[in-house]
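Asker: Structure incoming, see below.
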Amino acid sequence: MSAETRQAPPQPEISFEDFLRLDIRVGTITRADVNEGARKPALRLWLDFGPVVGERQSSAQLAANYTPEELIGRQVLAVVNFAPRRINGFRSDVLVLGVSDAAGEVVLITPERAVPDGGRLY
């Protein structure tokens, strides 16, 4: 199956105001480990979003492309204003953003160069 056949169709049109309601910020992964017992292979992440947002955590299905060790120090984009969820007993505060590779596995979205933690996507 090609990557094109796995792509989801476009979502309905939204207003610019709807987009602005999403709080997408950059954070640095400070710790990571395997989320043992998750239904799908996942990693637990602790991220620093700077002094305004602070530290948040996330469970993300990244195990196919990343090891916990290689994620430490990496800056990523995440939605920080979703309600927290419990995933295998772990509180997931943010949704780390990524796109699918050719195999359908997550590849993280990162800034092209270092930026201050907590910076908002616009």
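The values are calculated or read from the model by the stated rules, or taken from the named source; none is laboratory data. Computed from a predicted model, the values in this text were never measured in an experiment. Here the Cβ is made from the backbone with ideal geometry for all residues, glycine too, and neighbour counts use every protein chain on show. Quick note on the areas: whole protein, heavy atoms, side chains included, nothing else; ligands and nucleic acids left out. Shrake-Rupley method; radii C 1.70, N 1.55, O 1.52, S 1.80 Å.
Asker: Go through the stretch 93-119 and report how many residues are of a type in the set (Gly, Ala, Ser), open to solvent by 40 Å² or more (accessible area, probe 1.4 Å) and under 15 Å from the mean Cα position of the chain (by Cα).
Answerer: Looking only at that region, the number is 1.
Asker: Go through the stretch 72-84 and give me each residue that's farther than 19 Å from residue 31 by Cβ and within 14 Å of the chain's Cα centre (by Cα).
Answerer: 79, 81, 82
Asker: Suppose we filter the stretch 40-50 for residues that are under 17 Å from residue 101 (Cα atoms) and either open to solvent by less than 70 Å² (accessible area, probe 1.4 Å) or modelled with pLDDT of 95 or more (or both); how many remain?
Answerer: 1
Asker: Something else: Among the residues of the stretch 67-117, write down those that are in a loop (DSSP other than H, G, I, E, B) and among the small types (Gly, Ala, Ser).
Answerer: Listed by number, the residues that qualify are 73, 83, 89, 102, 103, 104, 114.
Asker: Which ones in the stretch 67-85 are touching a residue at least 40 places away in the same chain (Cβ under 8 Å) and open to solvent by 20 Å² or more (accessible area, probe 1.4 Å)?
Answerer: 72, 73, 74, 75, 77, 81
Asker: Here's another thing I want to ask about it. Among all residue pairs at least 6 apart or on different chains, which show Cβ distances below 8 Å where the first residue, located in the stretch 22-35, is part of a loop (DSSP other than H, G, I, E, B) and the second is open to solvent by 30 Å² or more (accessible area, probe 1.4 Å) and aliphatic (A, V, I, L, M)?
Answerer: 35/87
Asker: If I ask for residues that are of a type in the set (D, E, K, R) and under 14 Å from residue 61 (Cα atoms), which ones from the stretch 13-47 would you list?
Answerer: 33, 36, 39, 40, 44
Residue-wise test of (1) in contact with a strand residue (DSSP E or B) (Cβ under 7 Å, 6 or more places away or on another chain); (2) open to solvent by 30 Å² or more (accessible area, probe 1.4 Å).
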{"position": "10", "(1), (2)": "no, yes"}
{"position": "24", "(1), (2)": "yes, no"}
{"position": "38", "(1), (2)": "yes, no"}
{"position": "52", "(1), (2)": "no, yes"}
{"position": "60", "(1), (2)": "yes, no"}
{"position": "65", "(1), (2)": "yes, yes"}
{"position": "91", "(1), (2)": "yes, yes"}
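Asker: Taking the conditions exactly as written (open to solvent by 20 Å² or more (accessible area, probe 1.4 Å), in a strand (DSSP E or B) and either closer than 15 Å to residue 29 by Cβ or acidic (Asp, Glu) (or both)), does residue 56 satisfy them or not?
Answerer: yes
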